[in-house]
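*Asks:* Got a structure for you, questions after.
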Amino acid sequence: MLFTVNELKSWFIYLNEVIQSKKSYLTDLDQAIGDGDHGLNLARGFHEVTKKLESKEYTDVGALLKDTGMVLLSKVGGASGPLYGSAFLKAATVLQGKESATPTELTSALEAGLDAIKARGKANLTDKTMIDVWEPVLEFLKESGDEVNWDEGSRLAEEKMNATKDLEARKGRAAYLGKRSIGHIDPGATSSYYLFSTLFDVAKGVNK
Amino acid sequence: MDFVSVVLLSHSNEIVRGLEKLLRQVQSEVALAIAGGTDEGEIGTDVFQVKHAIESVYSKKGVIILFDLGSALLNAEMAIEMLDNQENIVICDAPLVEGAFAAIIESGCGSSLEEVKAAAEGAKQVNKL
């Protein structure tokens, strides 16, 4: 299968729908261990992303991802803006000028995105952040190559999101809480789960 | 005299507007710019606002940035990366209010970027009681 601008557009439109419907849930998660703005920030950001993508015709998947990153940077406001924004901008450079991407190519782009998140957030695995979802999911995608079991990817993302519950936060506002952050699922890991599960759902639809 | 410029960055526009007033009581010559809140006036920080603030007071002698909480730092770092001239724009590891106070006074003395940064970061060690 190939990810063209149509698949990527569908991905972000679907992701926006999920984020909008989970806005209060994300806010609740963030109120427990952060500053309570994750739901609102992402809802605003991805609403603007879909507006931008729907208003423009793309042929280049890199250009689409670049616009996505720029909108997130300017519209999100919290830490997730620069983090997701940098990720998509970096991913865009990998797919620049391409009309479509194979699963392997998209994985390479998202890996560059993960590097950007790590560099920007200076966080690593088990710090109770979005990286706890991104890293294992990309590991899985890399091993899968072009033959990805999308359902397994979604299950893995969900499992890794839930596993952040037992971790102690070492980055971001939650780190101020120390041990009291244990017992709460990380909001960034949750939005990252939505990001991957919607992508995988779109990929599955294309396979049909 | 050339001065090191100061940029104040907060999640809240009111915080940096108030802080600017406070600092202007003691120093009116040093160029000072603020970035606070999102472009829609919500709580948050906006990388483009930070970039614009830096550009608006850019000085060859240097620009020092003070910020409040975590994600402000991410946007300050991104803003510096977006600007071509990076070497004399620095971010301070200092409390926003006390650090900004120390920075603007030190800058007003004509001090170098390193001295202004050291003064701001020194505010971390000051006992208030």
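Coordinate-derived values only; no laboratory data. Treat the numbers as computed from the prediction; the structure is a model and nothing was measured. A quick note on method: Cβ atoms are made from the backbone with ideal geometry, for glycine too, and the neighbour counts reach across all protein chains shown.
*Asks:* Starting at 0 and stepping by 5 Å, how many percent of the alpha carbon pairs of chain A end up in each bin?
*Replies:* Result returned by the calculation: 1, 8, 16, 22, 22, 16, 9, 4, 1, 0.
*Asks:* Considering only C-alpha atoms, what is the centroid distance from segment A:52-110 to segment A:120-191, in Å?
*Replies:* A separation of 21 Å, based on Cα centres.
*Asks:* At 20 °C and a viscosity of 1.002 mPa s, what translational diffusion coefficient does Stokes-Einstein give for segment A:1-121, taking Rh as the Kirkwood radius over Cα pairs? Give it in µm²/s as a whole number.
*Replies:* 149
*Asks:* Also: Take A:LEU2, A:LEU42 and order them by how many other Cβ atoms sit within 10 Å, fewest up front.
*Replies:* So the ranking, lowest neighbour count to highest, is A:LEU2, A:LEU42.
*Asks:* With each label point set 7 Å from Cα along the Cα-Cβ vector, what nm distance links B:GLU14 and A:GLN20?
*Replies:* Distance between the two pseudo-spin positions: 3.1 nm.
*Asks:* If you wrap chain B's Cα atoms in a convex hull and average its projection over all directions, what's the area in nm²?
*Replies:* 7.3
*Asks:* Less than 12 Å apart at the alpha-carbon level, and either on another chain or at least 8 residues along: which aspartates and glutamates does that give for A:LYS52?
*Replies:* Cα-Cα hits under 12 Å: A:ASP67.
*Asks:* Can I ask one more? Given A:ALA109, A:LEU40, A:LEU65, which one lies farthest toward the positive end of the charge dipole of chain A, if we put +1 on the Cβ of every Lys and Arg and -1 on the Cβ of every Asp and Glu?
*Replies:* It is A:LEU40.
*Asks:* For segment B:5-125, give the magnitude of the charge dipole about the Cα centre (Cβ charges: +1 Lys/Arg, -1 Asp/Glu; no others), in debye to the nearest 20.
*Replies:* Approximately 380 debye in magnitude.
*Asks:* At a 10 Å Cβ-Cβ cut-off, how would you order B:CYS92, B:CYS109, fewest neighbours first?
*Replies:* Fewest to most other Cβ atoms nearby, the residues stand as B:CYS109, B:CYS92.
*Asks:* Hey, another quick one. Full extension from A:ASP166 to A:GLU143: what is 0.36 nm times the residue separation minus their Cα-Cα distance, to one decimal in nm?
*Replies:* 5.6 nm
*Asks:* Moving to a separate point now. Go through A:LYS23/A:LYS165; A:LYS51/A:LYS75; A:LYS90/A:LYS179; B:LYS51/B:LYS117 and tell me which ones have a Cα-Cα distance over 22 Å in this structure.
*Replies:* Pairs exceeding the cut-off: A:LYS90/A:LYS179.
*Asks:* Please compute, over every Cα-Cα pair in segment A:97-160, the percentage with a separation greater than 18 angstrom.
*Replies:* 38
*Asks:* Express the relative contact order of segment A:16-60 as a whole percentage, based on alpha carbon pairs under 8 Å and six or more residues apart in sequence.
*Replies:* Contact order relative to length: 36 percent.
*Asks:* Can I ask one more? Under the Karplus relation 6.51 cos²θ - 1.76 cosθ + 1.60, θ = phi - 60°, what is the ordered set of whole-Hz ³J(HN,Hα) values for segment A:115-122, x standing for Gly and Pro?
*Replies:* So the Karplus estimates, Gly and Pro as x, are 4, 5, 4, 5, 5, 6, x, 6 Hz.
*Asks:* Once the dipole of segment A:3-207 is set up with Lys and Arg at +1 and Asp and Glu at -1 on Cβ about the Cα centre, which of A:LEU29, A:THR93, A:THR198 lies farthest towards its positive end?
*Replies:* My answer, from the dipole projection, is A:LEU29.
*Asks:* Arrange the following residues from fewest to most other Cβ atoms within 10 Å of their Cβ: A:THR93, A:THR50, A:THR190.
*Replies:* Result, fewest neighbours first: A:THR93, A:THR50, A:THR190.
*Asks:* So what is the relative contact order for chain A, in percent, with contacts set as C-alpha pairs under 8 Å and at least six apart?
*Replies:* 23
*Asks:* If you place +1 on the Cβ of every Lys and Arg, -1 on the Cβ of every Asp and Glu, and leave all else neutral, what size is the dipole of chain A about its Cα centre, to the nearest 20 Debye?
*Replies:* 740
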